[in-house]
Amino acid sequence: ALERADVGVAMGQRGTEVAKEAADVVLTDDRIATIIGAIRRGRTIFDNIITFVRFNLATNLGALLTILVARSLGLPTPFTPLQVLWVNLIMDGPPAMALGADPPRPDVMQRPPRDPQARILDRRRILTLLVLGGWMAAVTLIVFAVARDTSAERGLTMAFTTFVLFQVVNSVNVRTGWNSVFTRRTLTNPALWIALASVTALQVVVVQVGPVADVFGAEPLPLTGWLVAVACALSIVVLSEAARAVRRLRHADTDHQ
């Protein structure tokens with residue numbers, strides 16, 4: 001039975017040596033609660049891997065689409081090489097690491113077991129990534145095209161700042177999955193909020209402090225510029241919440257049938 005089970009479990013203290021050799025898992029403390037804790041931890045790790053991958057791929061896809069579409073339309077590249085490096089190393093690194101240590105979701109033990117063959121990136125998640133990345137690219141390009149009418153530096157700065165703030169907002173957005181962002185769980189990862197506050201402060205320094213802005217090919221933005229960038233970044237929450245609402249309605253219709 002232990003050999004044929006998906007996961008054979010034997011007692012480490014009272015179990016026989018034969019049972020221990022045949023089992024996949026040996027409980028050193030002989031407590032069933034240990035199995036429950038291990039399952040809870042394992043599901044949380046899997047959830048965090050998905051969140052980590054979803055966040056990073058959405059960022060990279062958004063940046064890639066922004067640059068490719070801009071060049072295809074005959075526009076200059078919206079980001080300088082140093083800005084791209086800043087987004088990938090500084091703006092994405094700390095939030096991504098914090099997402100990897102997310103606490104368990106409230107329903108983590110109420111869900112049925114997942115298929116062992118299930119992929120981290122299934123069709124639905126790939127479609128979600130395409131939508132998120134495409135939305136970030138489209139909005140960033142619109143901001144870039146409009147702002148560069150003022151000056152080339154203003155266009156670069158607005159595109160850069162908008163895309164960075166997209167990552168700040170999206171790091172909170174992706175961790176909820178198909179649940180609404182507007183729940184108490186959004187505040188349950190202090191490390192993430194510390195990381196977001198830190199990278200946002202760094203972005204303000206990069207844009208608003210003249211000597212640093214010169215290095216990054218940016219220029220200080222007026223308050224209206226920051227408000228536009230924040231509003232554009234928040235639009236991804238509106239998009240995601242709309243998709244979640246539609247999904248909930250579909251599930252409600254299915255349940256009533």
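Going by a ≥ b ≥ c, the root eigenvalues of the Cα gyration tensor, does the range 119-222 fall in the rounded group (a/c under 1.5), the prolate group (a/b larger than b/c) or the oblate group?
Note, shape of the range 119-222 comes out oblate.
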Point to revise | Residues of the range 180-194 with amide N under 12 Å of the 7 Å Cα→Cβ point at ARG247 | key: 180-181
Point to revise | Cβ-based net charge around ILE39, under 13 Å, with every Lys or Arg adding one and every Asp or Glu removing one | key: +3
Review point. Rg(Cα) of the range 1-97 divided by 2.2 N^0.38 Å?
Key: 1.92
**Study point:** Pairs of Cα atoms farther than 17 Å apart, the range 36-93, %
**Key:** 53 percent
Study note, to complete from the structure: Hydrodynamic calc, the range 208-255: Kirkwood Rh from Cα pairs, then Stokes-Einstein at 37 °C with viscosity 0.692 mPa s, so D in µm² s⁻¹ is 239 µm²/s
Check your understanding: What part of the accessible area of the chain, given as a whole %, is carbon or sulfur when the probe is 1.4 angstrom?
Key -> 66 percent
Study note, to complete from the structure: hull vol. (C-alpha, convex hull) per residue for the range 164-257, Å³ -> 100 Å³
Review point. What size of dipole, in debye to the nearest 20, comes out for the chain about its Cα centre when the only charges are +1 on Lys and Arg C-beta atoms and -1 on Asp and Glu C-beta atoms?
Key: 540 debye
Review point. For q = 0.17, 0.25 Å⁻¹, what log10 I(q)/I(0) does the range 50-141 give under the Debye formula with an equal point scatterer on each alpha carbon and no solvent?
Key: -0.85, -1.31
Review point. What order do THR186, THR16 take when sorted by accessible area (1.4 Å probe), most exposed first?
Key: THR16, THR186
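From the C-alpha coordinates alone, can you work out the Kirkwood hydrodynamic radius of the chain, in Å?
20.8 Å
For the chain, what does the accessible surface come to per residue with a 1.4 Å probe? Please give it in Å². Provide the component values of the computation, followed by the final result.
On the way: 14370 Å² over 257 residues.
Counting only protein heavy atoms, the per-residue value for the chain is 56 Å².
The values are calculated or read from the model by the stated rules, or taken from the named source; none is laboratory data. Quantities reported herein were computed from a predicted structural model and do not represent experimental measurements. So basically every Cβ, Gly included, is an ideal-geometry build from the backbone, and we count neighbours across all protein chains shown. Side chains are part of the model used for accessible areas, which takes the heavy atoms of the whole protein and leaves out ligands, DNA and RNA. Shrake-Rupley method; radii C 1.70, N 1.55, O 1.52, S 1.80 Å.
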